[in-house]
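Beneath this line is the structure, given in C-alpha coordinates, with notes to follow.
The values are calculated or read from the model by the stated rules, or taken from the named source; none is laboratory data. On a predicted model such as this, the values are computed, not experimentally measured, just so you know. Cβ sites come from the backbone with ideal geometry, for glycine too, and all protein chains shown count toward neighbours. Side chains are part of the model used for accessible areas, which takes the heavy atoms of the whole protein and leaves out ligands, DNA and RNA. Shrake-Rupley method; radii C 1.70, N 1.55, O 1.52, S 1.80 Å.
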Amino acid sequence: MAAVGTPLDDLVSILDLEPIEVNIFRGVSPDEQRQRVYGGQVAGQALVAAGRTVEGDHRVHSLHAYFLRPGDVSVPILYEVDRIRDGRSFTTRRVVAVQRGRAIFNLSASFHVEEKGLEHQFPMPDAPDPESLPTFEERMAPYKEQLSDWYQRPRPIDQRFVDGGARMGEQTRREPRQQVWLRADGRLPDDPLLHACVVAYASDMTLLDSALLPHDIAWDDVRFMGASLDHAMWFHRPFRADQWLLYQQDSPTAYGARALSRGALFSHDGRLVVSVVQEGLVRLRDLSSERGGTSEGGGAG
(Lines give C-alpha, C1' and ligand atoms only; values in the text may rest on other atoms or scores of the structure.)
Protein backbone atom coordinates (compact mmCIF):
# COMPACT_ATOMS: atom_id res chain seq x y z
CA MET A 1 0.00 0.00 0.00
CA ALA A 2 1.36 3.43 -0.93
CA ALA A 3 2.16 5.77 1.93
CA VAL A 4 -0.30 8.59 2.46
CA GLY A 5 1.45 11.94 2.16
CA THR A 6 0.55 15.28 3.70
CA PRO A 7 -1.16 18.06 1.75
CA LEU A 8 2.23 19.77 1.53
CA ASP A 9 3.74 16.60 0.07
CA ASP A 10 0.99 16.68 -2.54
CA LEU A 11 1.77 20.32 -3.38
CA VAL A 12 5.48 19.59 -3.73
CA SER A 13 4.59 16.66 -6.01
CA ILE A 14 2.34 18.88 -8.15
CA LEU A 15 5.18 21.40 -8.51
CA ASP A 16 7.61 18.65 -9.53
CA LEU A 17 6.90 18.83 -13.25
CA GLU A 18 7.60 16.00 -15.66
CA PRO A 19 10.16 16.88 -18.38
CA ILE A 20 8.87 15.47 -21.66
CA GLU A 21 11.17 17.22 -24.15
CA VAL A 22 13.82 19.93 -24.16
CA ASN A 23 12.15 23.08 -22.73
CA ILE A 24 8.75 21.33 -22.39
CA PHE A 25 7.28 20.15 -19.09
CA ARG A 26 3.99 18.57 -18.07
CA GLY A 27 2.01 19.35 -14.94
CA VAL A 28 -1.19 17.98 -13.45
CA SER A 29 -3.83 19.36 -11.10
CA PRO A 30 -4.93 17.89 -7.77
CA ASP A 31 -8.22 16.01 -7.59
CA GLU A 32 -10.14 18.69 -5.69
CA GLN A 33 -13.32 18.98 -7.77
CA ARG A 34 -12.53 22.57 -8.74
CA GLN A 35 -14.40 24.19 -11.63
CA ARG A 36 -11.11 25.47 -13.03
CA VAL A 37 -7.40 25.26 -12.31
CA TYR A 38 -6.34 27.42 -9.35
CA GLY A 39 -4.30 30.35 -10.64
CA GLY A 40 -1.57 30.05 -8.02
CA GLN A 41 -0.97 26.47 -9.12
CA VAL A 42 -0.36 27.53 -12.74
CA ALA A 43 1.92 30.37 -11.64
CA GLY A 44 3.91 28.06 -9.37
CA GLN A 45 4.24 25.36 -12.01
CA ALA A 46 5.24 27.86 -14.71
CA LEU A 47 7.94 29.26 -12.42
CA VAL A 48 9.21 25.72 -11.82
CA ALA A 49 9.41 25.18 -15.59
CA ALA A 50 11.33 28.42 -16.05
CA GLY A 51 13.70 27.68 -13.18
CA ARG A 52 14.46 24.17 -14.39
CA THR A 53 16.10 25.67 -17.50
CA VAL A 54 18.31 28.15 -15.59
CA GLU A 55 21.86 27.13 -14.75
CA GLY A 56 24.32 28.48 -12.22
CA ASP A 57 23.58 30.66 -9.20
CA HIS A 58 20.81 32.74 -10.77
CA ARG A 59 17.73 33.03 -8.54
CA VAL A 60 14.33 34.36 -9.51
CA HIS A 61 13.89 38.05 -8.70
CA SER A 62 10.69 38.85 -10.62
CA LEU A 63 7.82 37.40 -12.59
CA HIS A 64 5.00 38.91 -14.64
CA ALA A 65 2.08 36.76 -15.72
CA TYR A 66 -1.30 36.86 -17.45
CA PHE A 67 -4.17 34.44 -16.91
CA LEU A 68 -5.62 34.01 -20.39
CA ARG A 69 -8.25 31.27 -20.14
CA PRO A 70 -9.69 29.11 -17.36
CA GLY A 71 -7.72 25.88 -17.02
CA ASP A 72 -9.37 22.44 -17.07
CA VAL A 73 -8.44 20.43 -13.97
CA SER A 74 -9.00 17.13 -15.80
CA VAL A 75 -6.39 17.82 -18.49
CA PRO A 76 -2.58 17.96 -18.02
CA ILE A 77 -0.93 21.32 -18.63
CA LEU A 78 2.06 21.63 -20.97
CA TYR A 79 4.61 24.31 -20.09
CA GLU A 80 6.70 25.49 -23.05
CA VAL A 81 9.81 27.46 -22.07
CA ASP A 82 11.52 30.01 -24.30
CA ARG A 83 15.12 30.65 -23.22
CA ILE A 84 15.10 34.32 -24.17
CA ARG A 85 18.44 35.32 -22.65
CA ASP A 86 21.29 33.78 -20.67
CA GLY A 87 23.51 36.48 -19.21
CA ARG A 88 26.23 36.62 -16.59
CA SER A 89 24.09 38.65 -14.18
CA PHE A 90 20.54 38.22 -15.50
CA THR A 91 18.73 35.37 -17.21
CA THR A 92 15.24 35.67 -18.71
CA ARG A 93 12.65 33.03 -19.48
CA ARG A 94 9.19 33.09 -21.05
CA VAL A 95 6.71 30.28 -20.33
CA VAL A 96 3.39 29.52 -22.01
CA ALA A 97 0.97 27.07 -20.39
CA VAL A 98 -1.07 25.14 -22.94
CA GLN A 99 -4.16 22.90 -22.79
CA ARG A 100 -5.82 21.37 -25.86
CA GLY A 101 -3.55 23.43 -28.11
CA ARG A 102 -4.57 26.79 -26.59
CA ALA A 103 -2.59 29.04 -24.29
CA ILE A 104 -4.21 29.45 -20.86
CA PHE A 105 -1.41 31.37 -19.14
CA ASN A 106 1.87 33.07 -19.94
CA LEU A 107 4.70 34.13 -17.67
CA SER A 108 7.95 36.03 -18.00
CA ALA A 109 10.52 35.51 -15.25
CA SER A 110 13.93 37.04 -14.62
CA PHE A 111 16.75 35.45 -12.61
CA HIS A 112 19.69 37.30 -11.05
CA VAL A 113 22.95 36.31 -9.41
CA GLU A 114 23.37 37.63 -5.87
CA GLU A 115 25.13 41.00 -5.72
CA LYS A 116 25.89 43.61 -3.09
CA GLY A 117 24.37 47.06 -3.45
CA LEU A 118 22.19 49.72 -1.83
CA GLU A 119 19.71 48.50 0.78
CA HIS A 120 16.57 49.93 2.37
CA GLN A 121 12.96 48.85 2.99
CA PHE A 122 9.69 49.96 4.51
CA PRO A 123 9.32 48.76 8.10
CA MET A 124 7.15 45.75 8.81
CA PRO A 125 3.68 46.81 10.05
CA ASP A 126 2.51 45.80 13.50
CA ALA A 127 0.63 42.51 13.66
CA PRO A 128 -0.26 39.99 16.37
CA ASP A 129 1.75 36.80 16.59
CA PRO A 130 0.40 34.20 14.12
CA GLU A 131 0.21 31.47 16.75
CA SER A 132 -2.32 33.62 18.66
CA LEU A 133 -4.72 33.73 15.69
CA PRO A 134 -7.42 31.19 14.73
CA THR A 135 -6.71 28.48 12.18
CA PHE A 136 -8.73 28.20 8.98
CA GLU A 137 -10.97 25.58 10.56
CA GLU A 138 -11.61 27.74 13.61
CA ARG A 139 -12.26 30.88 11.56
CA MET A 140 -14.63 29.19 9.11
CA ALA A 141 -16.39 26.92 11.62
CA PRO A 142 -19.63 28.99 11.49
CA TYR A 143 -19.84 28.22 7.76
CA LYS A 144 -18.80 24.57 7.77
CA GLU A 145 -22.24 23.29 6.79
CA GLN A 146 -22.39 25.73 3.90
CA LEU A 147 -18.84 24.90 2.81
CA SER A 148 -19.45 21.13 3.01
CA ASP A 149 -16.43 19.06 1.87
CA TRP A 150 -14.40 22.17 1.10
CA TYR A 151 -14.26 22.98 4.82
CA GLN A 152 -12.64 19.66 5.73
CA ARG A 153 -10.25 19.53 2.76
CA PRO A 154 -6.60 19.32 3.95
CA ARG A 155 -4.59 22.37 2.96
CA PRO A 156 -0.87 22.73 2.23
CA ILE A 157 -0.76 26.40 3.32
CA ASP A 158 -1.47 27.46 6.89
CA GLN A 159 -3.19 30.88 6.83
CA ARG A 160 -4.05 33.02 9.86
CA PHE A 161 -6.13 36.14 9.19
CA VAL A 162 -5.40 39.04 11.52
CA ASP A 163 -8.83 40.64 11.17
CA GLY A 164 -11.11 37.99 9.72
CA GLY A 165 -10.71 38.70 6.02
CA ALA A 166 -13.47 38.23 3.45
CA ARG A 167 -16.06 35.81 4.81
CA MET A 168 -19.05 33.93 3.60
CA GLY A 169 -22.54 35.37 3.88
CA GLU A 170 -23.09 39.01 4.84
CA GLN A 171 -20.10 41.27 4.38
CA THR A 172 -19.44 44.27 6.62
CA ARG A 173 -17.84 47.13 4.74
CA ARG A 174 -14.41 48.28 5.88
CA GLU A 175 -11.16 49.68 4.54
CA PRO A 176 -9.66 47.62 1.67
CA ARG A 177 -6.74 46.40 3.76
CA GLN A 178 -5.99 43.11 5.47
CA GLN A 179 -3.16 41.10 6.99
CA VAL A 180 -2.66 37.36 6.67
CA TRP A 181 0.10 35.27 8.18
CA LEU A 182 0.97 32.29 5.99
CA ARG A 183 3.45 29.44 5.75
CA ALA A 184 3.75 26.01 4.20
CA ASP A 185 2.17 23.53 6.60
CA GLY A 186 5.27 21.40 7.11
CA ARG A 187 8.98 21.32 6.38
CA LEU A 188 10.17 21.97 2.81
CA PRO A 189 13.44 20.94 1.18
CA ASP A 190 16.11 23.65 1.04
CA ASP A 191 15.74 24.42 -2.69
CA PRO A 192 15.26 28.25 -2.99
CA LEU A 193 13.32 27.82 -6.26
CA LEU A 194 10.81 25.56 -4.53
CA HIS A 195 10.29 28.12 -1.75
CA ALA A 196 9.68 30.85 -4.35
CA CYS A 197 7.20 28.60 -6.20
CA VAL A 198 5.31 27.75 -3.00
CA VAL A 199 4.96 31.47 -2.19
CA ALA A 200 3.84 32.13 -5.78
CA TYR A 201 1.21 29.41 -5.24
CA ALA A 202 0.06 30.96 -1.95
CA SER A 203 0.16 34.59 -3.10
CA ASP A 204 -2.99 34.20 -5.24
CA MET A 205 -5.14 32.79 -2.42
CA THR A 206 -6.24 35.93 -0.60
CA LEU A 207 -4.96 38.97 -2.49
CA LEU A 208 -8.17 39.74 -4.40
CA ASP A 209 -10.12 39.47 -1.13
CA SER A 210 -8.92 42.96 -0.21
CA ALA A 211 -10.93 44.39 -3.12
CA LEU A 212 -14.19 43.07 -1.64
CA LEU A 213 -13.73 44.52 1.83
CA PRO A 214 -15.17 48.03 1.14
CA HIS A 215 -18.27 46.50 -0.50
CA ASP A 216 -21.21 44.50 0.80
CA ILE A 217 -20.21 41.57 -1.41
CA ALA A 218 -18.90 38.20 -0.24
CA TRP A 219 -17.26 35.43 -2.27
CA ASP A 220 -20.41 33.29 -2.13
CA ASP A 221 -22.68 36.05 -3.47
CA VAL A 222 -24.38 34.60 -6.57
CA ARG A 223 -24.02 37.95 -8.34
CA PHE A 224 -20.24 38.04 -7.97
CA MET A 225 -17.73 36.75 -10.51
CA GLY A 226 -14.05 37.04 -9.60
CA ALA A 227 -10.86 35.86 -11.27
CA SER A 228 -7.17 36.74 -11.43
CA LEU A 229 -6.28 38.61 -14.62
CA ASP A 230 -2.58 39.27 -14.16
CA HIS A 231 -0.02 38.75 -11.43
CA ALA A 232 3.42 40.22 -10.75
CA MET A 233 5.93 39.35 -8.03
CA TRP A 234 9.34 40.67 -6.99
CA PHE A 235 11.54 38.51 -4.77
CA HIS A 236 13.74 40.88 -2.78
CA ARG A 237 15.51 38.81 -0.12
CA PRO A 238 16.05 35.14 0.73
CA PHE A 239 13.26 33.51 2.75
CA ARG A 240 11.76 30.18 3.67
CA ALA A 241 8.16 29.47 2.69
CA ASP A 242 7.82 27.05 5.63
CA GLN A 243 8.36 29.86 8.13
CA TRP A 244 5.74 32.48 8.98
CA LEU A 245 5.37 35.34 6.49
CA LEU A 246 3.13 38.35 7.08
CA TYR A 247 1.13 39.15 3.93
CA GLN A 248 0.15 42.82 4.11
CA GLN A 249 -2.53 43.49 1.45
CA ASP A 250 -4.54 46.42 0.16
CA SER A 251 -6.64 47.42 -2.84
CA PRO A 252 -6.14 51.06 -3.85
CA THR A 253 -8.80 51.10 -6.59
CA ALA A 254 -11.54 49.20 -8.42
CA TYR A 255 -13.26 50.39 -11.58
CA GLY A 256 -14.76 48.93 -14.74
CA ALA A 257 -15.13 45.44 -13.22
CA ARG A 258 -11.38 45.32 -12.46
CA ALA A 259 -9.68 45.76 -9.09
CA LEU A 260 -6.02 46.33 -8.28
CA SER A 261 -4.58 44.62 -5.22
CA ARG A 262 -1.10 44.92 -3.74
CA GLY A 263 0.76 42.76 -1.27
CA ALA A 264 4.00 42.78 0.70
CA LEU A 265 5.37 39.70 2.43
CA PHE A 266 7.55 40.16 5.50
CA SER A 267 9.51 37.49 7.31
CA HIS A 268 8.79 36.99 11.00
CA ASP A 269 11.92 38.99 11.85
CA GLY A 270 10.74 41.99 9.80
CA ARG A 271 12.53 41.65 6.44
CA LEU A 272 10.56 42.64 3.34
CA VAL A 273 11.07 39.54 1.18
CA VAL A 274 8.44 39.64 -1.60
CA SER A 275 6.15 42.26 -3.22
CA VAL A 276 3.04 41.33 -5.20
CA VAL A 277 0.64 43.24 -7.46
CA GLN A 278 -2.45 41.73 -9.07
CA GLU A 279 -5.36 42.95 -11.15
CA GLY A 280 -8.50 40.89 -10.87
CA LEU A 281 -11.94 40.65 -12.39
CA VAL A 282 -14.62 41.84 -9.94
CA ARG A 283 -17.81 41.61 -11.94
CA LEU A 284 -21.35 41.93 -10.63
CA ARG A 285 -23.86 40.10 -12.77
CA ASP A 286 -27.41 41.29 -13.33
CA LEU A 287 -29.24 38.05 -12.67
CA SER A 288 -32.58 39.50 -13.72
CA SER A 289 -31.38 39.99 -17.30
CA GLU A 290 -28.91 37.09 -17.56
CA ARG A 291 -29.78 34.40 -20.08
CA GLY A 292 -28.00 31.12 -19.45
CA GLY A 293 -24.40 30.77 -18.36
CA THR A 294 -21.45 32.91 -19.34
CA SER A 295 -18.33 31.67 -21.08
CA GLU A 296 -16.27 34.55 -19.73
CA GLY A 297 -14.18 34.03 -16.65
CA GLY A 298 -11.10 36.20 -16.99
CA GLY A 299 -8.19 33.93 -16.30
CA ALA A 300 -7.39 30.71 -14.54
CA GLY A 301 -7.16 32.10 -11.04
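A few notes on this one:
- Between Ile157 and Asp185, the built amide H atoms are under 5 Å apart, and every one of these is 5 or more places off in sequence or on another chain.
- When only alpha carbons are used to place a centre, region 175-189 and region 110-125 end up 21 Å from one another.
- Reported label for calculated percent of Cα pairs over 27 Å apart given [x] 51; [y] 61; [z] 41: [z]
- Rounded to the nearest 20 debye, dipole of the chain from Cβ charges on Lys, Arg, Asp, Glu: 780 debye
- Ordered by 1.4 Å accessible area with all protein chains kept, Asp250, Asp216 run largest first as Asp216, Asp250.
- Cut-off 10 Å between beta-carbons: net charge of the residues surrounding His231, Lys and Arg +1, Asp and Glu -1: -3
- Here the Karplus curve 6.51 cos²θ - 1.76 cosθ + 1.60, taken at θ = phi - 60°, turns the phi angles of region 79-93 into couplings of 10, 9, 9, 9, 7, 5, 8, 10, x, 5, 9, 10, 10, 10, 10 Hz, with x standing for Gly and Pro.
- Each peptide in 227-233, 114-120 receives the mean, over its residues, of other Cβ atoms within 10 Å, and ordering these scores from highest gives 227-233, 114-120.
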